[in-house]
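Peer 1: This is the structure, below, for whatever I ask next.
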Amino acid sequence: MNKRFRVCTLDQQFLLPPSLQDWLPEDHLARFVADVMNELDLSPIYAKYERSDGRGLSAYHPLLLARLLLYGYCIGINSSRKIEKATYDNVAFRYLAADQHPDHDTLASFRQEHLDALAGLFVQALKLCQKAGLVKLGNVAIDGTKIMANASTRRSVSYQKISDREQYWQNEVQRLLKQAQQTDQQEDQRFGQGQPASALPDELANAQSRLQRLKQAKAELEQEAQEQLQDATANLPFGKRGRPSNAERASRPVKDRQQREKEKKQRRRAKRNAQQPKRRSPQPCYGFAVRRQATS
């Protein structure tokens, strides 16, 4: 019997399509956020950059940073460290970042430096979403005042209702920005100023040292399994040493049936654990047919 598998080697080229536009479906929220941000006025942010002398390395584009923050906050990710990490392992963030990876310090500093301008931008974004007919932007309700239910589409909305809606948007944006600030401060205290929230310790972050540590861990597991097997079979009444003598049999405490069954299960479990590390490794993922070997 033959069975073919799809290729799954991690060394294959073009894990993602070469075009950013092919990374996400047409109806993805990240695409909508990108289109919304393209329609907003970022001139207050650009103005601050024009005051500098232009020296140093090229900065990340404000549009890129703003859409990362807006998308993150709208889907409930307000940590700059988590947004940085998402630009590597989340396709939507990677799309919005144009496959670039600003670090969390850059994101946090950008938010703090342009706090008022970003608040205005995000309010503009909510306004635009409401006019476009969107009810929610990610996890953020567009109209928490619920005035749309009382407003006919054929009649103009009163000034008071417009003011109430604008106040709601401003409050919601301030809540998101404040929450992001608190999260970054808490993570700075937890991980250290400027330090990333690494998912792996240093010895496991490097590919070569990780492989050595995994081999060492496997050897330790095998040793532990053998020791467990020895402990489980140490008091067996029968074994390679032969049948115990009458004196040995008389000296052993009498065990009830439940205790004997419990010890049998422990021995079987220990044997399985001892055999587990020795099992054959899975076939490499190269897309070849796997043939079942005929037993003799």
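The values are calculated or read from the model by the stated rules, or taken from the named source; none is laboratory data. Keep in mind it's a predicted model, so treat the numbers as computed, not measured. All Cβ positions, glycine included, derive from the backbone under ideal geometry; neighbour counts span all protein chains shown. For the accessible areas, the whole protein counts, side chains as well, though only heavy atoms, and no ligand, DNA or RNA atoms are used. Shrake-Rupley method; radii C 1.70, N 1.55, O 1.52, S 1.80 Å.
Peer 1: What translational D, rounded to a whole number of µm²/s, comes out for the stretch 6-99 from Stokes-Einstein when the hydrodynamic radius is the Kirkwood one over Cα pairs, at 25 °C and 0.890 mPa s? Please report the intermediate quantities before stating the final value.
Peer 2: Values: Rh = 15.1 Å.
Reported coefficient: 162 µm²/s.
Peer 1: Do any GluC sites (Glu not before Pro) in the stretch 27-118 lie in a DSSP loop with no more than 16 other beta carbon atoms within 10 Å, and if so, which? Provide the component values of the computation, followed by the final result.
Peer 2: Values: sites: E39, E50, E84, E113; in loops: E39.
Sites meeting the loop and neighbour criteria: E39.
Peer 1: Between K218 and Y49, take the C-beta separation as r, use R0 = 51 Å, and let me know the FRET efficiency to the nearest 0.05.
Peer 2: Details: r = 53 Å, r/R0 = 1.04.
Rounded to the nearest 0.05, the efficiency is 0.45.
Peer 1: Something else: Please work out how much accessible surface K271 shows to a 1.4 Å probe, ignoring ligands, DNA and RNA, in Å² rounded to 10.
Peer 2: Around 110 Å² of this residue is reachable by solvent.
Peer 1: Of K218/K262; K136/K178; K215/K271; K218/K271, which ones are farther than 24 Å apart at the Cα?
Peer 2: On the way: K218/K262 28 Å; K136/K178 20 Å; K215/K271 21 Å; K218/K271 17 Å.
Pairs exceeding 24 Å: K218/K262.
Peer 1: Quick check: with the 1.4 Å probe, what order do L137, L20 take by accessible area, largest first? Could you put the intermediate results ahead of the total?
Peer 2: Values: L137 5, L20 55 Å².
Descending accessible area places them as L20, L137.
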